[in-house]
Amino acid sequence: SDSEVVEEKKEEVEEKKEKKDKKEKEEVKEDECSELSNKDQEESKTGSGDDGQTVVDTSLTEEEKAPFHSPFEGTINLSMSAKEAISSQPPSHKGFLTIFQDESGLGAWNRRWCSVQDNKIYYWLYPEDEVNQNKQPHGEIDLRNCKTETVSIASRLDCARPNTFVLVIMVAAQPGDRASIITESNGKTTQTKYMLSADSREERKQWMEVLNKCLQSVHSWNH
């Protein structure tokens, strides 16, 4: 009858559901056992040596052992070192910036040709001086010593000149360091506040983008 057919189909569906649930439970149980086994193996093969270095014990069971002449049998002492990855295309940029500098105790804005290279801002009097091997940079700003986390527009309280941004550089104090309009020294550290002004809003945004990439790389490595 129709009622019997319905009941059979219902039982068939329930049976399939039970099989599916049972299979899922078995798979979960197998995964848990596998994880516990891997964890036990890791704990049994990893320890600490007398010198504090990580020691990995590669001793295996007879079934797991490598061929007789395999170089991987025994105990391996590992030591690791790290260094900053050098990008194939490091942040760089060139153009004019007007820099606020101390001149005989007075502040002056000086227009300079600037170039970002190797996390430093080098500046010359003229663009052609950069390619002239006999012309050393007129000065440099080492971004590796930059205290500024993110380059931002200078506040109106600091500078009313448009398109100006600020970099604060801090280094260990040296004999002869003296305070000035842009520099403060407390005997332990010397801090210099550079104000740099771009020729336009667009150029200022380009400079800030490049410098922030440099600072992000420098600060992430230092921390």
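List of remarks:
- Model label points for Lys147 and Lys205, set 7 angstrom from Cα along the Cα-to-Cβ axis, are 3.1 nm apart.
- Pairwise FRET efficiency - Gln216 versus Lys25, Cβ, R0 = 45 Å, nearest 0.05: 0.40
- Label-point separation, Asp158 to Leu106 (7 Å along Cα→Cβ), nm: 2.5
- Inter-label distance, Ser79 to Val171: 3.3 nm, where each label sits 7 Å from its Cα along the C-beta direction.
Read-outs throughout are calculated quantities, based only on the coordinates presented, and are distinct from any laboratory measurement. Since this is a predicted model, take the numbers as computed values, not measurements. When we count neighbours, we look across all protein chains shown, and the Cβ atoms used for this are built from the backbone with ideal geometry, even at glycine.
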